[in-house]
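Report on the structure given below.
The values are calculated or read from the model by the stated rules, or taken from the named source; none is laboratory data. As the structure is a computational prediction, the values presented were derived from the model and not from experiment. For neighbour counting, all protein chains shown are included, and Cβ atoms are generated from backbone atoms with ideal geometry for every residue, glycine included.
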Amino acid sequence: MSTASDRSLRTPTRRGLLIGGAAALGVAAIGAGQASASTRAPASSASARGRRLYDLVSHYSRWSVHRTGTDSENAALDWFESALRQRGATTSRFPFSYPRYEWTAEVRVGGRAVDTIPLFYQGVGNVSSDKPFVKPVTISNGATGAALSAALQEAEAENASLAVLPVVNSVPPYPAYDGLVAVNVGPVAAPAGVPTLFIPGRLADQARQGVQARISARVVPGQSDVITGWLGQPVSDPIVVATPQSGWFTCGAERGSGIAVTLELAADLARTHPVLVVGASGHELNGIGISTYLQDAFDLEPRAVICVGSAIAAGATDPASGHFELASTRTVDSNPPIPSVPGLAEALQAGRFAPTTPFPGDSANWYQRLGASVPLLGLSGDFPEFHTPDDRPERTTSPALLETAYRSVLAAAVALIRG
């Protein structure tokens, strides 16, 4: 757990390093950054590592909500910081402020209460309606899109006081998900538009027969933290391993698998060069944490950045074979380009990462901040249970998938660093 003094520390910067860095724990730094491999025990067997990674995912996903600024997300941040310290890291926190969407809501379909979540920052106030605007919407890959925008515009045109949207999430080539789903949004201080509630898409036909709904929503000052940790002696050119920290629900494969891989990867890479781990809250709010941190607190010159984003070891059932395997909807981009780095394409193929452009997820923030001069690997993706309460470890990943994904990411990181 963090102490009060930890919460007030800003992340070490190049200016701060000129004054003096924190002592490295767990890895002995040598010279300008070489660390002794003898300070770390030999790697465990593949099956043991997969189980260890799965245990980390299970620990992270035990909180049913990981939304930015909630008590459960704060507990998850404390857990992540503790996990870094257990691996010998010296940690600190970068606090950031943002407008927080605070809400309670209820939707009844056929007189029965159903699962619901608002479209954050879409309207505020205390609103009840026995005849809300209702329209089924299909979104793609857990993101806003033209269909959702059209529905919101239609609700406004009809002067609706409240909108209830049965939402289906389409993630080809897999079957559409028709349970409750949320979408990432950017925080705003003064929301406008018709307050909008999502319900499971499978309720679309019933919802046409009648819906009762209410919402109480407002925007209040909010705060969360970016967690950083040094493995090895702080230097001006660390290897950076970054991962988002927050999300909508249990976030097992979405967030937890990336966090597990990050913790393992950072410890492995720190055997040869100091590593700075960056764990940024605010992911589901369009990355408000990482964008603020990079703008206000980061001025190092990394040797390389490995951004471990969403769905690193997310599994899905192949429609043709019926096999549960790493989802094909997991993506990667690299600077320099993947084909130009020896061994990189092969490493990523082993983990079933599909090349994409531009950089996905939080890696886009890193590329915008650092440009083409710093090697960058950005991994992200989605899967059918992405942004849903059903993203539980036992349903969306496994020790075997985590082991395969980890070996792929480690090999890819090594290839990129070696260039």
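Using the structure shown, decide if G111 is of a type outside the set (V, I, T) and either closer than 22 Å to I227 by Cβ or modelled with pLDDT of 95 or more (or both).
The answer is no for G111.
Would a scan of the stretch 345-361 turn up a residue that is within 26 Å of L119 (Cα to Cα), crowded, with 20+ Cβ neighbours inside 10 Å and out of contact with any Phe, Trp or Tyr (no Cβ under 6 Å at 6 or more places or on another chain)?
yes
Given the conditions (1) in contact with a strand residue (DSSP E or B) (Cβ under 6 Å, 6 or more places away or on another chain); (2) in a loop (DSSP other than H, G, I, E, B); (3) not assigned by TED's automatic domain parsing to the domain that holds P244, report the number of the one that T68 does not fulfil.
Of everything listed in (1) in contact with a strand residue (DSSP E or B) (Cβ under 6 Å, 6 or more places away or on another chain); (2) in a loop (DSSP other than H, G, I, E, B); (3) not assigned by TED's automatic domain parsing to the domain that holds P244, T68 misses just condition (3).
Which one of the conditions (1) part of a strand (DSSP E or B); (2) of a type in the set (K, R); (3) under 30 Å from T404 (Cα atoms) does R214 fail to meet, given that it meets all the rest?
Only one criterion in (1) part of a strand (DSSP E or B); (2) of a type in the set (K, R); (3) under 30 Å from T404 (Cα atoms) is unmet by R214, namely (3).
When the residues of the stretch 208-231 are filtered to those that are out of contact with any Ser or Thr (no Cβ under 9 Å at 6 or more places or on another chain) and at pLDDT 95 or above, which remaining residue is surrounded by the most Cβ atoms within 10 Å (Cβ to Cβ)?
Taking the candidates together, the pick is V219.
Just wondering, is there one or more residues in the stretch 252-263 that are among the small types (G, A, S), modelled with pLDDT of 95 or more and surrounded by fewer than 24 Cβ atoms within 10 Å (Cβ to Cβ)?
no
Anything in the stretch 304-318 that is touching a strand residue (DSSP E or B) at 6+ places or on another chain (Cβ under 6 Å), surrounded by 20 or more Cβ atoms within 10 Å (Cβ to Cβ) and farther than 16 Å from L377 by Cβ? List them, or say none.
G315
Out of everything in the stretch 48-89 that is surrounded by fewer than 22 Cβ atoms within 10 Å (Cβ to Cβ) and among the polar types (S, T, N, Q), what residue ends up being nearest to A190 (Cα to Cα)?
Ranking the qualifying residues of the stretch 48-89, first place goes to T70.
For the stretch 78-119, name all the residues that are of a type in the set (D, E) and assigned to a strand (DSSP E or B).
Within the stretch 78-119, E102, E106 qualify.
Tally up the residues in the stretch 264-303 that are at negative phi, surrounded by fewer than 24 Cβ atoms within 10 Å (Cβ to Cβ) and in contact with a Pro (Cβ under 8 Å, 6 or more places away or on another chain), please.
5
Have a look at A146, A155, A105 and point out the one that is free of Cβ contacts under 8 Å to residues at least 24 places away in the same chain and either more than 29 Å from V226 (Cβ to Cβ) or among the charged types (D, E, K, R) (or both).
Step by step, each of A146, A155, A105 is checked, and only A146 is free of Cβ contacts under 8 Å to residues at least 24 places away in the same chain and either more than 29 Å from V226 (Cβ to Cβ) or among the charged types (D, E, K, R) (or both).
For T243, are the conditions met, namely being in contact with a Pro (Cβ under 8 Å, 6 or more places away or on another chain) and crowded, with 24+ Cβ neighbours inside 10 Å?
no
Mind checking whether some residue in the stretch 146-168 is assigned to a loop (DSSP other than H, G, I, E, B) and on the phi > 0 side of the Ramachandran plot?
Scanning the stretch 146-168 turns up at least one residue that is assigned to a loop (DSSP other than H, G, I, E, B) and on the phi > 0 side of the Ramachandran plot.
So that you can scan it fast, the table gives a plain yes or no per residue for (1) part of a loop (DSSP other than H, G, I, E, B); (2) among the acidic types (D, E); (3) in contact with an Asp or Glu (Cβ under 6 Å, 6 or more places away or on another chain); (4) closer than 29 Å to S58 by Cα:
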site	(1), (2), (3), (4)
A311	yes, no, yes, yes
A316	no, no, no, yes
G322	yes, no, no, yes
S334	no, no, no, no
F359	yes, no, yes, yes
P384	yes, no, no, yes
R407	no, no, no, yes
A412	no, no, no, yes
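Restricting the search to the stretch 248-299, which residues are touching a Ser or Thr at 6+ places or on another chain (Cβ under 8 Å), among the charged types (D, E, K, R) and under 20 Å from R369 (Cβ atoms)?
D299
Looking at the stretch 29-47, which of the residues that are in a loop (DSSP other than H, G, I, E, B) and either surrounded by 21 or more Cβ atoms within 10 Å (Cβ to Cβ) or not aliphatic (A, V, I, L, M) (or both) is modelled with the lowest pLDDT?
Here the answer is G31.
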